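J.: I have a structure I would like to understand better, so I am pasting it below and will then ask my questions one at a time.
Read the figures in this text as sums done on the coordinates, not as results from a lab. As the structure is a prediction and not an experimental result, all values here were calculated from the model. Every residue, glycine among them, receives a Cβ derived from its backbone with ideal geometry; neighbour counts consider all protein chains shown.
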Amino acid sequence: MIYSSLWFISVIGFGITAPEALITTNEESEVVSVLSTQEDMLDKEVIPDEDEVGTAETLFGQEDSLEVIKQLSASDSQDVVETYLVTRVVDGDTIDVLIDGENKRVRYIGVNTPETVHPSKPVECFGAEASNRNKELVAGKQVRLVKDVSETDKYGRLLRYVYVDDVFVNLILIKEGYANASTYPPDVVYNDVFREAEQEARESEVGLWGDKCQNESASEVPPAAPVVQSNSGSSCVVKGNINSDEVKIYHVPGCQSYNQTKINEEAGERWFCSEQEALEAGWRKALNC
């Protein structure tokens, strides 16, 4: 009873002080509770929703996200493959394409098809077939153009490897016997591939390597007129040819292209009686000899 009285007196004595103390204690408890909750939240790893903030922010944080997006966008732009419309097929190895609103002439790298439109040469065996096959492959289509080393040849034609989707046009023409491999430094990335394809076409006797062109070439008789008089005779069998790129090339018996190579004197081509004579006249030996 004494203890109860003392408790009552204590409460009366303190007056308002006791309730204020109780209220203060409750408020402090609530504050501590809130702070504890915030600390718990900070201790936990918060993973943003990728759909809302994007992959870049999720991985790198908001500060770096813009820069990351820029880098990804730049990477995506590099993967865009440019293609060009073929507006004209000139012959088996030359086309016109539309680039930036202008027609540009493109010469296939590493490929040489029989002549069909040369101003000073007749239509050669399988030339029309090669031109038609090229039309089937690229006419009116979008093509991808890939450079090797050289940008253009001396005539200003773009030198390119040509693709229609995944079809490598240069290679197809050689494999199917519509062209022979004809690579010149420094554009020789596919030299071995083209040579192998030509060899397969030869062994299969397709296109240029079939009976039609081989028989026609075999029936060719070297004319006497271009033979140098001081070296006249049957030994003058070296063929000095000028190809569509105006490169002077000579062929000797046994060269891969010897039989189908025709000599047109009016175009400046000629026969030589020796390789030395051809070299001194400015011709070089064919690469496929």
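J.: Around residue 107, what is the net charge, scoring Lys/Arg as +1 and Asp/Glu as -1 over all other residues with Cβ under 9 Å from its Cβ?
T.: So the environment of residue 107 carries a net charge of 0.
J.: Beyond a 26 Å Cα-Cα separation, which of these cross-linked pairs lie in this structure: 104/135; 175/285; 212/262; 175/262; 104/147?
T.: Flagged as over cut-off: nothing, all pairs pass.
J.: GluC sites (Glu not before Pro) within region 123-181: which are DSSP loop residues with at most 11 other Cβ atoms inside 10 Å?
T.: Sparse-neighbourhood loop GluC sites (Glu not before Pro): 151.
J.: Which distance in Å, rounded to a whole number, links the C-alpha centroids of region 273-289 and region 187-210?
T.: After rounding, the separation between the Cα centres reads 23 Å.
J.: Starting at the first residue of region 153-166, write each ³J(HN,Hα) from the Karplus equation 6.51 cos²θ - 1.76 cosθ + 1.60 with θ = phi - 60°, in whole Hz, x for Gly and Pro.
T.: Along region 153-166, the couplings run 8, 5, 9, x, 7, 5, 9, 8, 8, 10, 10, 10, 6, 9 Hz.
J.: Moving on to the next point. Of the DSSP beta bridges with both residues in region 81-206, give the percent that are antiparallel, rounding to the nearest 5.
T.: 85 percent
J.: Right, here's the next one. Provide the net charge surrounding residue 173, with neighbours chosen by a C-beta distance below 9 Å and charges set as Lys +1, Arg +1, Asp -1, Glu -1.
T.: 0
J.: Next up: For 249, 95, which order do you get if you count the other beta carbons within 10 Å of each Cβ and list the fewest first?
T.: Going from sparsest to densest Cβ surroundings: 249, 95.
J.: What full-extension length gain, to one decimal in nm, is calculated for residue 87 and residue 275 as 0.36 nm per residue of separation minus the Cα-Cα distance?
T.: Stretched fully, the residue 87-residue 275 segment lengthens by 63.5 nm.
J.: Then there is this: So what's the net charge close to residue 147: Lys and Arg +1, Asp and Glu -1, counting the other residues with Cβ under 10 Å from its Cβ?
T.: -2
J.: With each label point set 7 Å from Cα along the Cα-Cβ vector, what nm distance links residue 155 and residue 142?
T.: Here the modelled spin labels are 2.9 nm apart.
J.: Figure the gain on full extension for residue 284 and residue 105 (residue separation times 0.36 nm, minus the Cα-Cα span) and round it to one decimal in nm.
T.: Value of the extension gain: 61.8 nm.
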